[in-house]
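Q: Can you read through this structure? Questions will come right after.
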Amino acid sequence: MKQRVLVVDDDKLVADTLSLIFRANGFDAEACYSAAEGLERARTYDPGLLLCDVTMPETTGLELAATIDHEMPECKILMLTAYSTNLAKVGEQSRHMSRPVNVLSKPCRPEDLLREAGLLLKSA
């Protein structure tokens, strides 16, 4: 069975591109464009990995990650951010969660993204 990745980013081009990268590399991947849409989809899709942008309007990626952490403890979480100031926020938030949350800076190379995702999913 293919591992499921849910990509959540308010930039549709980024979300679609990331989900294509995962699908091209043997994953089952879907894209959502808001934290609310991502949470709704996660509840039925049951992803093994949530790949989520930190900075989004309305509900942030960190809030989504905290909810996923609570509702789906088996789902791994990988955050993306274009802002270096978010790195400390992610670190602080993950201290309050049941597992560590990894973060990559955008833009990132597809091979770095796939390597990080693969490591997280192997630790399941």
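No value in this document is a laboratory result; all are computed from the given coordinates. Remember, predicted model here, so these are calculated numbers, not experimental data. Cβ placement follows ideal geometry from the backbone for every residue including glycine, while neighbour counts extend to all protein chains displayed.
Q: For segment 26-36, check the following and say yes or no: at least one residue is out of contact with any helix residue (DSSP H, G or I) (no Cβ under 8 Å at 6 or more places or on another chain) and either crowded, with 23+ Cβ neighbours inside 10 Å or within 14 Å of Val8 (Cα to Cα) (or both).
A: Looking for residues that are out of contact with any helix residue (DSSP H, G or I) (no Cβ under 8 Å at 6 or more places or on another chain) and either crowded, with 23+ Cβ neighbours inside 10 Å or within 14 Å of Val8 (Cα to Cα) (or both), one finds at least one in segment 26-36, hence yes.
Q: To continue, here is another question. Would you please list the contacts, defined by Cβ atoms under 8 Å and residues six or more apart or on different chains, that run from a residue in segment 69-84 that is on the phi < 0 side of the Ramachandran plot to a residue that is surrounded by fewer than 21 Cβ atoms within 10 Å (Cβ to Cβ) and among the basic types (Lys, Arg)?
A: The qualifying pairs are Asp69/Arg99; Glu71/Arg43; Pro73/Arg99; Lys76/Arg99; Ile77/Arg99; Leu80/Lys106; Thr81/Lys106; Ala82/Lys106.
Q: Which is under 15 Å from Leu18 (Cα atoms), surrounded by 13 or more Cβ atoms within 10 Å (Cβ to Cβ), of a type in the set (Gly, Ala, Ser) and out of contact with any Phe, Trp or Tyr (no Cβ under 9 Å at 6 or more places or on another chain), of Ala117, Ala65, Ala82? If you could, list the steps in order and put the result at the bottom.
A: On the way: Ala117 fails: out of contact with any Phe, Trp or Tyr (no Cβ under 9 Å at 6 or more places or on another chain); Ala65 fails: under 15 Å from Leu18 (Cα atoms).
Matching residue, one of Ala117, Ala65, Ala82: Ala82.
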